[in-house]
Each structure stands twice: as C-alpha cells, then as structure tokens.
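Enquirer: Can you read through this structure? Questions will come right after.
The values are calculated or read from the model by the stated rules, or taken from the named source; none is laboratory data. Everything numeric in this text was worked out from a predicted model, so none of it was measured. Please note: Cβ atoms are built from the backbone with ideal geometry, for glycine as well, and neighbour counts cover all protein chains shown. Keep in mind that these areas ignore ligands, DNA and RNA; they rest on the heavy atoms of the full protein, side chains included. Shrake-Rupley method; radii C 1.70, N 1.55, O 1.52, S 1.80 Å.
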Amino acid sequence: MQNCRVIIGYTDEFASLPLPIRPKACLLYPGSNSRCLSELGPTELPEQLVILDGTWHHTKTFVRDIDALKDLPCYQLAPSAPSRYRIRQEPNFRSLSTLEATATALEILEPQ
C-alpha cells in the first residue's frame, strides 16, 4: 500500500481541492455505466484506482457533486460471495464494504 493516499473530508471540501487524480485513473463505483473490473484486458487496466468510503448516500453525493470524479470511468466488482461485514447492512447481496471492495479490487489488479 506504499502508493496509497488517504484524503479525509466532506463533499464541499473535496469539490474545492485539486485531487491527486492521474491520467488512466478510474473510480470503483457501481454506477449504471460501470464495467466489471475483472473483465478488463491487460491493456485496459487502470493505473490509479479511486475508492470512496462512506455510506451509500455519501458516495452518491461525492460522485454527483465533485467534478473531478464525474468524468472518471467507473468499474464495479462481481463478488463471488455476499459481504461478511456485519456492522452495517449493505443494500443488497452484491454490495461489499469498502474494505472488502478494496481487497477484491487489488486482488484483480495486482494478483501477485
């Protein structure tokens, strides 16, 4: 995780910050136009993965209100098992906690 950067704040703070988003970045977000991350070919893999942490309501607000996120291609996961997270209930059986989604995405992008 040496290349990981955590930025903490609220929507209005993020909207005014120059976020460190590089070319060939993508957003891990299950939107209506999201492609499945595991179905990408080697040349299609993103070089930077942006992951939002918060409630589903908060992340929808981030995507809607933060210009730097609006133009990013979105990718989603196809989990093979339901979430094991028990502190909060996920909206459906295909939803994962941020930690589970991050680990799953990293396994896809960097299997070694």
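Enquirer: Please identify the pairs in which a residue from segment 30-54 that is over 16 Å from THR98 (Cβ atoms) has its Cβ atom under 8 Å from the Cβ atom of a residue that is of a type outside the set (D, E, K, R) and open to solvent by 100 Å² or more (accessible area, probe 1.4 Å), counting only partners at least 6 apart or on another chain.
Expert: GLU47/PRO23
Enquirer: Taking the residues in segment 65-107 that are open to solvent by 100 Å² or more (accessible area, probe 1.4 Å) and touching a helix residue (DSSP H, G or I) at 6+ places or on another chain (Cβ under 8 Å) as candidates, determine which candidate is modelled with the lowest pLDDT.
Expert: ARG84
Enquirer: Taking the stated definitions as given, is ASP53 under 15 Å from ILE7 (Cβ atoms) and at pLDDT 85 or above?
Expert: yes
Enquirer: Take segment 16-34 and flag every residue that is under 12 Å from the mean Cα position of the chain (by Cα) and of a type outside the set (Ser, Thr, Tyr).
Expert: Of everything in segment 16-34, those that are under 12 Å from the mean Cα position of the chain (by Cα) and of a type outside the set (Ser, Thr, Tyr) turn out to be ALA25, CYS26, LEU27, LEU28, PRO30, GLY31.
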